Amino acid sequence: MSNMPAFLAGRRLLRAELPFSDDELAPHLAAGTIRTTPGISTTRAERLLRPARHFCHRCCTTDAHQFQPFPCATCAAPCVYCRNCVVMGRVSSCTPLYTWHGAAPRPRADAGACAFSGTLTLSQQKAADAITARLGQASELLIFAVCGAGKTELLFPAISETLAAGRRALIATPRADVVHELLPRMRSAFPNARVTGLYGGSEDRNAYGDLVISTTHQLRRFHHAFHLTIVDEIDAFPYTFDATLRHAVSEAAHPSACRVYLTATPGRAELARMKHGTLDYALIPRRFHGHDLPELNFTWCTGWKKALEKQRLPKPVAAWCEAQLHHKKPAMMFVPSKTAAETLAAMLHPLHPAITSVHAEDPARKAKVEAFRRGEIPILVTTTILERGVTVPGANVALFGADDNIFTAAAIIQMAGRAGRSADEPDGDVRLFHDGRTNAMFQAGRYIEAMNAGTAPKTI
Amino acid sequence: MHLRDLTATGPPCLACHTPIAQPVSWRALLIPDKDKFCHACRSQLCLLPEGCPGCSHPLLPQETSCYSCRKWDQSLHWRGLINQNVAIYPYNDFCRNLVARWKYRGDAAIAEGFRPAFVKAYKRHFPDCLPVPIPLAPERLLERGFNQAEQLASFVGEPVNVLKRPEMAEKQSKTSYAGRLNGDSRPFVFDNHREFAIKDRHLLLIDDIYTTGATVRKAARPLLEAGAAAVSALTLARAVKLADEGGFV
């Protein structure tokens, strides 16, 4: 079977996921080009108080609650399966995982040809050089870049060099919409490479890719495949909360891979490692157009909680919204909760009939965001779900009730990062309507000041 | 850390994976709630009210038995094969989702969540019956790894595997209502060596879902021919049809 290496190379799959017959697999198993490893390994129970512990080799979970016994029809022995990754096909004690150890397909010699013709800014170039200097050695690098710094472009040299060396590259992200956004850009930048996009239900699921753009969940099917792994938005949900996803990324990387992390707001763990010098980082304090980040503007809005309850629109908010409508500026209004989004949108409705709200469970969420991008919605009232990824040129941003706990410093920085993204309109208004300043607001302000001064902020 | 975080450290809910919160009370400390589903999921998994004596389908006020049971009784070919079917849950969207994860995704642990209600229904309606799980075709058993009906049967006693399903018949859930009523097919055969096990006993067929009732009736025929005194059925869920709707929901 000629396409078996392309199908299996760098992956770790269940028997049910292999579209080959037993007769086709048998010679490879005998020759050792395909090897099997147990899906779940179990330690022996030692004492009464220390029961047997299990480890799932696909999702790397060790949580005892996730391992459940079941009456297995294939083996008579006591069989447990992993509930953490059961939606990807059940892995049980008697299920082997198949890996490929033969000659693997490589990117074509000209796969590294990059069609990107723009130039990088000085700090972008510095960061790009920092990645390429680490290629080929087991290393880590954090790219600490402000929102709108042009993180995608600075990856091109490193990806190009990796593909030209006949090795595979990976861009992983916690969010499927980022995969959708990056895929066409990468396909046009690398016209000679096989670029595949993986997310739940994607059509490229079984295709071989030189450059793979994937959600972190899908990486559970990969094993030691990539010599360059880039993780976008390492501080985004659910990557930060789910240790098994971080494990999946590290399992997908080759042992000698260069691992690159991108973020505008590193988490506490990363900041600590940067401070202690155990994590190298490259700082990009300026946007690609070279202008400052918009400063935060604070406006008192006393009693906004009560105003929401009584369905009264606070005066400063009304004035700000009217100004946006008057100047025909698209605006995003972030609010702390779903009910606040709906109430505020209803109160703003008299100003303009197209003003609407969006939240995570909204079935029309995608359509509303698209309409906002096209300029059909002048003011979009949203919960924190749109803090990342939505870029509308010339947009202004407001945070309603900015002293709420949900607005962490990182969230405020990401939301403020929606303003002033385009080179034509680099200034944007970021307005925080609050009832007393919180630490998070001060920290976000200090972050923006530090970045505009060209230095790395110490805390976030 | 909040007090509620301390109380929410139990095992996760089988359906939604969030830790099950125990109320902060002496009762919860001394007699912890052993429910495998959290409160929110449990409330979506409501029990069927008292309905048709033949199949547990909800009845209109003036009815004494449901349309589908009347239809079965009108047919000479099908009449009297099973005494009654008892179902526990209505096969609503939540239940459908849960059963799909359990059966098709292979999340076998979900069955544990059904155990208390299943055992209770068995003790109440069929305390002395022998549980006979509806078998799977061998190909399907290999594909799925376990028989969900046998799992349910093992909750109420040692399953009596006296039925076989020889070759892959067309999936019941993929055939139409009219196709299922076609009485000629005999998908189940009796395992000839074990007639002594069921002679003059009241048998209880165990299955996951009762939709039209054709499966349990087809399974009851070889059992009665082999000498069983009577056959009833206990199923986890019952597909429910409202009077003004065209099809089963």
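The values are calculated or read from the model by the stated rules, or taken from the named source; none is laboratory data. Predicted, not measured: the structure shown is a model, and the values here were computed from it. Positions of Cβ are backbone-derived with ideal geometry, glycine not excepted, and every protein chain shown enters the neighbour counts.
On inspection, B:Leu130 does not qualify as within 14 Å of chain A (Cβ to nearest Cβ) and modelled with pLDDT of 90 or more.
Residues of region A:79-102 that are surrounded by fewer than 21 Cβ atoms within 10 Å (Cβ to Cβ), of a type in the set (Gly, Ala, Ser) and facing another protein chain (nearest Cβ under 9 Å): A:Gly89 alone.
Working carefully through the options A:Asp242, A:Asp232, A:Asp177, find the one that is crowded, with 24+ Cβ neighbours inside 10 Å and charged (D, E, K, R).
On the way: A:Asp242 fails: crowded, with 24+ Cβ neighbours inside 10 Å; A:Asp177 fails: crowded, with 24+ Cβ neighbours inside 10 Å.
Exactly one of A:Asp242, A:Asp232, A:Asp177 is crowded, with 24+ Cβ neighbours inside 10 Å and charged (D, E, K, R), namely A:Asp232.
Looking for something more than 14 Å from chain B (Cβ to nearest Cβ), exposed (fewer than 12 other Cβ atoms within 10 Å of the Cβ) and out of contact with any helix residue (DSSP H, G or I) (no Cβ under 6 Å at 6 or more places or on another chain) - is there at least one such residue anywhere in region A:7-19? Yes.
Of the residues that make up region A:51-58, is at least one loosely packed, with under 14 Cβ neighbours inside 10 Å, within 23 Å of A:Arg12 (Cβ to Cβ), among the hydrophobic types (A, V, I, L, M, F, W, C) and not assigned by TED's automatic domain parsing to the domain that holds A:Ala225?
No - not one qualifying residue is present in region A:51-58.
Take the conditions (1) within 14 Å of another protein chain (Cβ to nearest Cβ); (2) crowded, with 21+ Cβ neighbours inside 10 Å; B:Arg144 misses just one of them, which is (2).
Only one of the numbered conditions (1) within 14 Å of chain A (Cβ to nearest Cβ); (2) surrounded by fewer than 19 Cβ atoms within 10 Å (Cβ to Cβ); (3) modelled with pLDDT of 90 or more; (4) over 29 Å from B:Arg221 (Cα atoms) is not met by B:Pro19, and that is (3).
Just one of the numbered conditions (1) touching a residue at least 24 places away in the same chain (Cβ under 8 Å); (2) farther than 24 Å from A:Leu182 by Cα; (3) not in a helix (DSSP H, G or I) is not true of A:Thr278: (1). Of everything listed in (1) surrounded by fewer than 15 Cβ atoms within 10 Å (Cβ to Cβ); (2) without any contact (Cβ under 8 Å) to a residue 40 or more places away in the chain, the single unmet condition for A:Thr36 is (2).
Filtering region B:64-75 for residues that are under 17 Å from B:Thr235 (Cα atoms), modelled with pLDDT of 90 or more and under 15 Å from the mean Cα position of the chain (by Cα) leaves an empty set.
Within the set A:Ala453, A:Ala395, the sole residue that is surrounded by fewer than 16 Cβ atoms within 10 Å (Cβ to Cβ) and not aromatic (Phe, Trp, Tyr) turns out to be A:Ala453.
Being among the acidic types (Asp, Glu), more than 14 Å from A:Leu399 (Cα to Cα) and in the same structural domain as A:Pro426 (by TED's automatic domain parsing): is that true of A:Glu387 here? No; evaluated as a whole, the condition is false for this residue.
Restricting attention to region A:251-285, report how many residues are in contact with a helix residue (DSSP H, G or I) (Cβ under 6 Å, 6 or more places away or on another chain) and either at positive phi or of a type outside the set (Phe, Trp, Tyr) (or both). Let's see the steps before the verdict.
Of the residues in region A:251-285, the ones in contact with a helix residue (DSSP H, G or I) (Cβ under 6 Å, 6 or more places away or on another chain) are A:252, A:258, A:260, A:262, A:265, A:279, A:281-282, A:284-285.
Next, from what is left, pick out any that are either at positive phi or of a type outside the set (Phe, Trp, Tyr) (or both): A:252, A:258, A:260, A:262, A:265, A:279, A:282, A:284-285.
Qualifying residue count, region A:251-285: 9.
Scanning region A:54-78 for residues that are away from chain B (no Cβ under 13 Å) and either closer than 20 Å to A:Ala248 by Cα or under 26 Å from the mean Cα position of the chain (by Cα) (or both) returns A:His54, A:Phe55, A:Cys56, A:His57, A:Arg58, A:Cys59, A:Cys60, A:Thr62.
Quick check: anything in region A:30-46 assigned to a helix (DSSP H, G or I), modelled with pLDDT of 90 or more and more than 14 Å from chain B (Cβ to nearest Cβ)?
Looking only at region A:30-46, we keep the residues that are assigned to a helix (DSSP H, G or I), and these are A:30-31.
Pick out the ones that are also modelled with pLDDT of 90 or more and you get A:30-31.
Then drop every residue that is not more than 14 Å from chain B (Cβ to nearest Cβ), which leaves A:30-31.
Checked region A:30-46: at least one residue is assigned to a helix (DSSP H, G or I), modelled with pLDDT of 90 or more and more than 14 Å from chain B (Cβ to nearest Cβ).
For B:Pro12, state whether it is closer than 29 Å to B:Gly145 by Cβ, surrounded by fewer than 19 Cβ atoms within 10 Å (Cβ to Cβ), touching a helix residue (DSSP H, G or I) at 6+ places or on another chain (Cβ under 6 Å) and not assigned by TED's automatic domain parsing to the domain that holds B:Ala149. Walk me through it before giving the result.
Working: closer than 29 Å to B:Gly145 by Cβ: yes; surrounded by fewer than 19 Cβ atoms within 10 Å (Cβ to Cβ): yes; touching a helix residue (DSSP H, G or I) at 6+ places or on another chain (Cβ under 6 Å): yes; not assigned by TED's automatic domain parsing to the domain that holds B:Ala149: yes.
In short, yes.
Of the residues making up region A:421-460, those that are in contact with a strand residue (DSSP E or B) (Cβ under 9 Å, 6 or more places away or on another chain) and closer than 20 Å to A:Asn405 by Cβ are A:Val430, A:Arg431, A:Leu432, A:Phe433, A:His434, A:Asp435, A:Gly436, A:Arg437, A:Met441, A:Ala444, A:Gly445. Entry remark, region A:106-124: residues being out of contact with any Asp or Glu (no Cβ under 9 Å at 6 or more places or on another chain) and under 21 Å from A:Phe226 (Cβ atoms) number 4 in total.
Just to be sure before I move on: is A:Ala169 more than 14 Å from chain B (Cβ to nearest Cβ) and at pLDDT 95 or above in the structure I sent? Break it down into steps so the answer makes sense when it comes.
Working: more than 14 Å from chain B (Cβ to nearest Cβ): yes; at pLDDT 95 or above: yes.
It is true that A:Ala169 is more than 14 Å from chain B (Cβ to nearest Cβ) and at pLDDT 95 or above.
Yes or no, residue by residue, for (1) of a type in the set (A, V, I, L, M); (2) crowded, with 16+ Cβ neighbours inside 10 Å; (3) outside the structural domain of B:Val119 (by TED's automatic domain parsing); (4) without any contact (Cβ under 8 Å) to a residue 12 or more places away in the chain:
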{"residue": "B:Trp26", "(1), (2), (3), (4)": "no, no, yes, yes"}
{"residue": "B:Leu29", "(1), (2), (3), (4)": "yes, no, yes, yes"}
{"residue": "B:His57", "(1), (2), (3), (4)": "no, yes, no, no"}
{"residue": "B:Cys66", "(1), (2), (3), (4)": "no, yes, no, no"}
{"residue": "B:Trp72", "(1), (2), (3), (4)": "no, yes, no, no"}
{"residue": "B:His77", "(1), (2), (3), (4)": "no, no, no, no"}
{"residue": "B:Val86", "(1), (2), (3), (4)": "yes, yes, no, no"}
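Here region B:152-177 is the region considered, the condition is being buried (at least 18 other Cβ atoms within 10 Å of the Cβ), more than 14 Å from every other protein chain (Cβ to nearest Cβ) and closer than 22 Å to B:Ile88 by Cα, and the residue that is modelled with the lowest pLDDT is B:Val160.
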